Amino acid sequence: MASRIEQIIDDLELYIENCKFKPFSTDMIIVNKTEIDEMIRDLRMTTPEEIKRYQKIISNKEAIINDAKQKAQALLDNAAVQTTELISEHQIMQQAYAQANEIVELATQQAQDILDRATMEANGMRTSIMQYSDGMLANLENIIKQSIEFATKDYNKLVSDLQEIDSVVTANRAALVPPEVMEEEEETAEDAQSPAVL
């Protein structure tokens, strides 16, 4: 079952895939800023919940360790009972101590093995969570940077195109209107903009 974070990223990729291309472009798309902001906000709110869920899984190692301790204690208690029952004779007492020591060593080793496995699994899970979260955030960061880059390129191109059009218009006017007429029109325009003096 996919996590909520994976679902949001899938939705984000599907949204970007379904966006329309800008006119006369095959690599730039038109996005709705509100929808993108909402998806990013949802991702930010979901990420801590996902991490909490994984931390809860990691915390289960404590239950495993406690269970191992209880089993070890039960073995120790059993060994103590057997030792008490076997101390009636010297030879039997020696055998009881030997058996008790073996049981204690075995229980200690089993408890340590369980603890080591639980610690390794918890550390591996924590590393996986961090790598997964970092990968998602890096992907999102890349999408945002690309969007900013495309927007900047479009703005700069628009300004450049307008400047070229302005130059062409000015040149065409200069070619159509004699310089004397142009000066008179400019003076008339300046007089019309000047405030009347009382």
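A short reminder: the numbers here are calculations on the coordinates, not readings from a lab. All figures in this text were calculated on a predicted structure; none of them were measured in a lab. Backbone-built Cβ (ideal geometry, glycine too); neighbour counts: all protein chains shown.
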* Structure fact -> Taking max minus min of the Cα coordinates of the stretch 4-190 on each principal axis, largest first, gives extents in Å of 134, 29, 25
* Structure fact -> Of GLU17, GLU62, GLU164, the most mobile residue in a GNM of the chain (C-alpha springs, cutoff 10 Å) is GLU164
* Give the angle, between 0 and 90 degrees and rounded to the nearest 10, that separates the Cα long axis of helix 33-85 from the longest principal axis of the Cα atoms of the chain. => 10 degrees
* Once you list every other residue whose beta carbon is under 14 Å from the beta carbon of ASN142, what net charge do they have if Lys and Arg are +1 and Asp and Glu are -1? -> -3
* Net charge of neighbours whose Cβ lies under 13 Å from the Cβ of GLN109, counting Lys and Arg as +1 and Asp and Glu as -1 -> -2
* Asked: Pairing the Cα long axis of helix 179-193 with the longest principal axis of the chain, what angle in degrees results, from 0 to 90 and rounded to the nearest 10?
  -> 70 degrees
